[in-house]
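Worksheet: the structure to be examined is printed underneath.
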Amino acid sequence: QVTLVESGGGLVQAGGSLRLSCAASGRTFSNYAMGWFRQVPGKEREFVAGISWSYDSTYYANSVKGRFTISRDNAKNTVYLQMNSLNSDDTAVYYCAAKYLGTAQTREYDYWGQGTQVTVSS
């Protein structure tokens with residue numbers, strides 16, 4: 001069992017930045033690919049970014065490429081999502097997820113966090 005806890009969400013003005021964190025516990029963090037997803041009420045959950053369990057390869061949705069950066073610190077059992085140049089379309093609940101031995105492109109995850117709200121005001 002892996003427990004994931006997101007933090008760092010909040011209210012930010014358009015053009016601003018936020019960094020989300022996701023702390024993992026329960027299993028060997030370095031064995032898990034990590035991903036970030038987001039969801040707006042009434043819409044399906046959307047893949048945002050992923051980072052593989054090895055070699056730190058990354059993958060991004062086109063909508064965030066060049067603005068968001070996913071990274072991980074295996075010593076701290078934490079994955080991050082640096083979000084720059086935010087706009088109103090980025091408003092959503094952001095979730096982190098873990099996939100055992102997954103790739104950066106994987107869409108099917110084993111464990112999910114509870115989510116953190118990000119609101120971008122225009």
As a test question: what accessible area, to the nearest 10 Å², does K43 have when a 1.4 Å probe is rolled over all protein chains in place? 140 Å²
In whole Hz, the Karplus estimates of ³J(HN,Hα) for the range 35-45 (6.51, -1.76, 1.60; θ = phi - 60°; x where Gly or Pro) are x, 10, 10, 9, 8, 9, x, x, 10, 6, 5
Test of understanding: express the Cα radius of gyration of the chain as a ratio to 2.2 N^0.38 Å, with N the residue count. 0.97
Sequence of L11, L20 from largest to smallest accessible area, 1.4 Å probe: L11, L20
For the range 6-42, which chymotrypsin sites (Phe, Trp or Tyr not before Pro) pass both filters: DSSP loop (anything but H, G, I, E, B) and at most 16 other C-beta atoms within 10 Å? none
Distant-in-sequence amide H partners of A104 (H built 1.01 Å from N, under 5 Å): S52
Protein accessible area in the chain, 1.4 Å probe - carbon and sulfur %: 45 percent
Per residue, accessible area of the chain with a 1.4 Å probe, heavy atoms of protein chains only, in Å², comes to 51 Å²
Distance between modelled label sites at D56 and D73, nm, 7 Å Cα→Cβ extension: 1.3 nm
Got a number for the accessible area of R38? Probe 1.4 Å, square angstrom, nearest 10. 20 Å²
For the range 2-17 and the range 89-116, what is the separation of their Cα centres, given in Å? 14 Å
Within the set Y100, Y109, Y55, GNM on the chain using Cα springs under 10 Å gives the largest fluctuation to Y55
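The values are calculated or read from the model by the stated rules, or taken from the named source; none is laboratory data. Only a predicted model underlies this, so the values are computations on that prediction, with no experimental measurement involved. Positions of Cβ are backbone-derived with ideal geometry, glycine not excepted, and every protein chain shown enters the neighbour counts. To get the accessible areas, we keep the full protein, side chains included, count just its heavy atoms, and leave off ligands, DNA and RNA. Shrake-Rupley method; radii C 1.70, N 1.55, O 1.52, S 1.80 Å.
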